[in-house]
Amino acid sequence: MSGAETPGGAAGVDERVVLAGIPLRNAVLTASGTFGYGTEFAPFLDLTQIGGFVAKSLTLEPRFGNPPPRIAETPAGMLNAISIENVGVRAFLEEKLPALPEGVVVIASAFGTAPEVYAELVARVSAHPRIAGVEINASCPHVKAGGIEFGQDPKLLAELVRTVRAATQGPLLVKLSPNVTRIADMARVCEAEGADGITLINAVQAMEVDVERRRPVLSNILGGLSGPAIRPIALRMVWQAAQAVKIPICGVGGITDASDAVKFLLCGATAVQVGTTNYLDPGAAAAIARGIADYAQRHGFARVADLTGALDARRG
Ligand SMILES: Cc1cc2nc3c(=O)[nH]c(=O)nc-3n(C[C@H](O)[C@H](O)[C@H](O)COP(=O)(O)O)c2cc1C
């Protein structure tokens, strides 16, 4: 399929990219936790016109999240402490996946409290023919056990990726936490343990205070900051990781339009994910994909894939 065959795509631009061995129609995915199980967004955009979507992080059993308040608006972003509320792996495979139209690229997201739990989840989801790949969430900033612990400790991260790698031969992405000092080290660990790609970043650990009530705004006290406020942090981390590893990177954090998305590609991302923006404009991801193709055409790139790492970072 060439870009010319993609409705709305810039004529002559090849929009296809390959992320962690997953062929994608274009470079735009939607981010886990911001796009439900896909069907919720079907009235707003044709799911086959985006590269794909990453489903809400799954646990082995259904899970309720934190009590409200668990989201709050912030300047240029939002705080959330949903805490991996999800239907569980069985309902996802048996009820959510069959409800999706054919041709939609689905990446499952797995969350656990121990490497063996992640591995069991990954083995179950990656065996399903509708699943194109799995992203492991090693970075949830507001769950007390699991997630971020793995994303912050290189030894735990290595054990996690090694254990999960042994559980699947399918495409495996590791979603890293921005809440670390040296993201390049964490990226190298993922590459060394056989991950096919890296997604970064998850939300930035944060909190907000209600001064009149002298209380934290979120019931969980801590939450994750997302939206445009974190984009420069995400860009910096994608850039640093891209300098450190050869495996592909999926960039996420504060993307609102095609220009934002192109920044991530130039800094070394192979594809991008749109998150918080889906709440403001549920059709944004498809428009962003078209805008990337337009950018490529205007700047003389025959393939969107050629934008990856095309930043001119010379001084002066
Ligand atoms: C309400 C909400 C729920 C989220 N749930 C998940 C999740 O279940 N798994 C995950 O890996 N990331 C989750 N995220 C993080 C996003 O996937 C993304 O990494 C982050 O929000 C940064 O991107 P953005 O600024 O475009 O939203 C969630 C984010 C939000 C706002």
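The values are calculated or read from the model by the stated rules, or taken from the named source; none is laboratory data. Predicted, not measured: the structure shown is a model, and the values here were computed from it. Cβ placement follows ideal geometry from the backbone for every residue including glycine, while neighbour counts extend to all protein chains displayed.
What the table below lists for this structure:
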{"read-out": "Tally of residues being more than 11 Å from the ligand (Cβ to nearest atom) and of a type in the set (Val, Ile, Thr) across segment 257-287", "value": "2"}
{"read-out": "Leading residue by the ranking (farthest from the chain's Cα centre (by Cα)) among those in segment 50-70 that are within 13 Å of the ligand (Cβ to nearest atom) and among the hydrophobic types (A, V, I, L, M, F, W, C)", "value": "58"}
{"read-out": "Test set (1) of a type in the set (D, E, K, R); (2) more than 20 Å from residue 230 (Cβ to Cβ); (3) more than 11 Å from the ligand (Cβ to nearest atom) - residue 73 fails condition number", "value": "(2)"}
{"read-out": "Any chance residue 134 is under 19 Å from the mean Cα position of the chain (by Cα), at pLDDT 95 or above and assigned to a helix (DSSP H, G or I)", "value": "no"}
{"read-out": "Of all residues making up segment 25-49, the number that are surrounded by 24 or more Cβ atoms within 10 Å (Cβ to Cβ) and more than 14 Å from the ligand (Cβ to nearest atom)", "value": "2"}
{"read-out": "Where residue 82 falls short, out of the listed (1) assigned to a loop (DSSP other than H, G, I, E, B); (2) of a type in the set (A, V, I, L, M, F, W, C); (3) over 20 Å from the mean Cα position of the chain (by Cα)", "value": "(3)"}
{"read-out": "Subset of segment 214-233 [more than 14 Å from the ligand (Cβ to nearest atom) and either within 14 Å of residue 252 (Cβ to Cβ) or in contact with an Asp or Glu (Cβ under 9 Å, 6 or more places away or on another chain) (or both)]", "value": "216, 217"}
{"read-out": "Within segment 85-105, considering residues that are closer than 24 Å to residue 51 by Cβ and small (Gly, Ala, Ser), the one farthest from the chain's Cα centre (by Cα)", "value": "99"}
{"read-out": "Checklist (1) closer than 25 Å to residue 221 by Cβ; (2) within 10 Å of the ligand (Cβ to nearest atom) applied to residue 114, failing item", "value": "(2)"}
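Let's see how each residue does on (1) part of a loop (DSSP other than H, G, I, E, B); (2) touching a residue at least 12 places away in the same chain (Cβ under 8 Å):
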site: 235; (1), (2): no, yes
site: 239; (1), (2): no, yes
site: 259; (1), (2): no, yes
site: 263; (1), (2): no, yes
site: 285; (1), (2): no, yes
site: 291; (1), (2): no, yes
site: 306; (1), (2): no, no
site: 313; (1), (2): yes, no
